[in-house]
Amino acid sequence: MKIPHQLIQSLHAAKGFNSNAFEALHNTRETITSVRINPFKTAIEKLSFDNPQQVGWCKNGYYLSERPSFTFDPFFHAGAYYVQEASSMFLWQILQQTVATTNNKKVLDVCAAPGGKSTLLSTYFNNGLVVSNEVIKQRANILTENITKWGLPNVVVTNNDPKQFKQLENYFDVIVVDAPCSGSGLFRKDEEAINEWSENNVMLCNQRQQRIIADVMNCLKQDGILIYSTCSYSIEENETILDWVCNTFNASTIQVELQPQWNITETQSVKHNAYGYRFWPYQVKGEGFFIAAFKKNNGAFEHTKIKTQSFISPSKNEIQIMQSFIQLPSKYSFFKQNENIKAVENIWLNELQTLAKYLFIKKAGVEFGTIKGRDFIPSHELAVSVFSSENISTIELNKEQALQYLRRQEIDLHAEKGWQLVAYCGLPLGWIKVLPNRINNYYPNEWRILKQ
Ligand code: SAM
């Protein structure tokens, strides 16, 4: 693997850099596979992984001894785990050391697709509200898919440019900027990325990173936490950005405790001695990564009144029809968007109405379904959400049937007429509708397994 010599040259000034070890590592092409399990759906013991090993800095993170075919694992599609690079799971550790989960925090993940950090955030802040934003439309679709499968009701997916958050002044307790970057930290995994690397691109990334932070800094509360990360090794995208933040805003970094066996390198920026954490893959079991946490200090700010948009509530009749299908959880409020009836925790309804005033919302809470005449048509989001399915008729599938279902093929079952959930090892995969002479498969067409 030919690493650009300009990158090697520039890294001599980075703490912990060892050019021989760095180049040797990129020639080994060793691959590391890690997953983060969804504790609201399963436990590691229930998954069929061979000898998983805990990732030291993340409670739900595990290294796998080999890379299974995730596509053909129904647990993967059921949102039982997320395949996530181990270094980036350090976000969990940063959160544990910097933010308490009390007081129902409001969190923004501004560069969120495909959803690795957002699924982690929604798990950590499971009593909070996570706004998971992606500016690129196509990438917002895959983000929505991953958030839906993860199944927690506390996420709002938006598709906005970061500057559209400006009006939500002093609003979020935590903002994560997992910035678009030159990607050198992933060279070992993705050799193609080397061809796209240039010094010029590093500087363009630096400018873009500054712009994104500047766009959202206004909506971080005083004493709020900004977490900045990249998968780049370049100083210009890491320590230089920390200095720029300290220069431009009234914010200072937070030092976190590292356990020696993690082998993570603590670095400090030249001008402000701001703390950052570097993951050198010849030292840690993971890819190249950089992360830092800031606290926003006191400063004068104007508080403009934030507006809201009122949602329409479902009618009594619609609620009754839904209730005849599923027991409605009492701590949730229901609202309608177009014909879809959605649920969000009571405490978040007003916040959602605020977000809807300023942002393009792709997904909010959990969509339960629609009413057609006297019938309730359940939505896929409801099937894979963590709401109890105890009172919904559920059919257990074996692995072969589960894969047929996920390919959206016909499945041969003897079941009662009407809507039924189908599940694999107790985890719902989606809906079928049993008719007198056939069974309709309601797995979303765009998510079906195509690979043979
Ligand atoms: N946080 C994600 C995760 O953990 O799965 C990965 C995020 S990736 C490093 C950066 C994201 O920023 C990409 O999805 C990309 O589309 C988005 N992006 C690109 N340009 C952007 C911009 N100008 N403003 C905001 N986001 C941008």
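Coordinate-derived values only; no laboratory data. Keep in mind it's a predicted model, so treat the numbers as computed, not measured. Because the Cβ atoms are built from the backbone with ideal geometry, glycine has one as well, and the counts that use them run over all protein chains shown.
Side notes on the structure shown:
- Between residue 104 and residue 45, the modelled labels are 3.5 nm apart [label points 7 Å from Cα along Cα→Cβ].
- Diffusion coefficient, µm² s⁻¹, Stokes-Einstein with Kirkwood Rh over alpha-carbon pairs of the chain at 37 °C and 0.692 mPa s: 141 µm²/s
- At q = 0.22, 0.24 Å⁻¹, base-10 log of I(q)/I(0) for region 137-216 (Debye sum, equal scatterers on each alpha carbon): -1.17, -1.19
- Length gained on full extension, residue 5 to residue 393: 133.6 nm, using 0.36 nm per residue less the C-alpha separation.
- Under a 5 Å amide H cut-off, with hydrogens placed 1.01 Å from N, residue 333 pairs with 344, 345, 346 among residues at least 5 apart or on other chains.
- Separation of region 47-99 from region 154-193 is 20 Å, based on Cα centroids.
- Comparing 205, 333, 131 along the charge dipole axis of the chain, the residue lying farthest to the positive side is 333, per the Cβ-charge model.
- Distant-in-sequence amide H partners of residue 178 (H built 1.01 Å from N, under 5 Å): 110, 111, 229
- Radius of gyration (Cα atoms) of region 332-376, expressed as a multiple of 2.2 N^0.38 Å: 1.20.
- Kirkwood radius and radius of gyration were both taken over the C-alpha atoms of region 1-40, and their ratio Rg/Rh is 1.20.
- Couplings 3J(HN,Hα) of region 60-73, computed from phi: 9, x, 9, 7, 9, 6, 8, 8, x, 7, 4, 4, 9, 10 Hz, in residue order, whole Hz [Karplus 6.51 cos²θ - 1.76 cosθ + 1.60, θ = phi - 60°; x for Gly and Pro].
- Radius ratio Rg over Rh of region 26-179, counting only Cα atoms, Kirkwood formula for Rh: 0.97
- Pairwise centroid distance, computed over Cα atoms, of region 200-216 with region 255-331, Å: 20 Å
- Kirkwood-based shape ratio for region 96-171, expressed as Rg/Rh from alpha carbons: 0.96
- Bridging of residue 221 to lysines at a Cα separation below 16 Å is possible for 105, 106, 166, 295, 296, 305, once same-chain residues fewer than 8 apart are set aside.
- Interchain or long-range residues, amide H under 5 Å from residue 224's placed H: 296
- 3J(HN,Hα) couplings calculated from phi for region 46-56 with the Karplus curve 6.51 cos²θ - 1.76 cosθ + 1.60 (θ = phi - 60°) are, in sequence order, 7, 8, 8, 8, 8, 6, x, 10, 4, 7, x Hz; Gly and Pro show x.
- Rounded to 10°, Cα long-axis angle of helix 349-358 versus longest principal axis of the chain: 60 degrees
- Across region 236-245, rounded Karplus estimates of 3J(HN,Hα) from the backbone phi angles (6.51 cos²θ - 1.76 cosθ + 1.60, θ = phi - 60°) give 4, 9, 10, 4, 5, 5, 4, 4, 4, 4 Hz, Gly and Pro being marked x.
- Between helix 137-150 and the chain: long-axis angle, C-alpha atoms, 0 to 90°, nearest 10: 70 degrees
- Considering only alpha-carbon pairs that sit under 8 angstrom and 6 or more positions apart, the relative contact order computed for the chain is 14 percent.
- Volume of the Cα convex hull of region 255-301, divided per residue and given in Å³: 97 Å³
- For the pair residue 54 and residue 13 in one chain, pulling the backbone fully straight at 0.36 nm per residue adds 11.5 nm over the alpha carbon distance.
- A DSSP coil position with no more than 13 other Cβ atoms inside 10 Å describes the following GluC sites (Glu not before Pro) in region 370-406: 390.
- Over the chain: helical MRE at 222 nm, DSSP H runs n ≥ 4 each giving -39500 (n - 2.57), nearest 500: -7500 deg cm²/dmol
- Above-threshold pairs, the threshold being 32 Å between Cα atoms, out of 46/285; 46/331; 59/357: 59/357
- Placing +1 on the Cβ of every Lys and Arg and -1 on the Cβ of every Asp and Glu, with no other charges, gives region 150-270 a dipole of roughly 320 debye about its Cα centre.
- Our summary gives region 244-392 a relative contact order of 16 percent, counting only alpha carbon pairs under 8 angstrom and 6 or more residues apart.
- Partner lysines whose Cα lies under 19 Å from the Cα of residue 433, excluding those fewer than 8 positions away in the same chain, are identified as 372, 417.
- Where the alpha-carbon atoms of region 170-242 are placed on the principal axes, they occupy 41, 22, 16 Å, in descending order.
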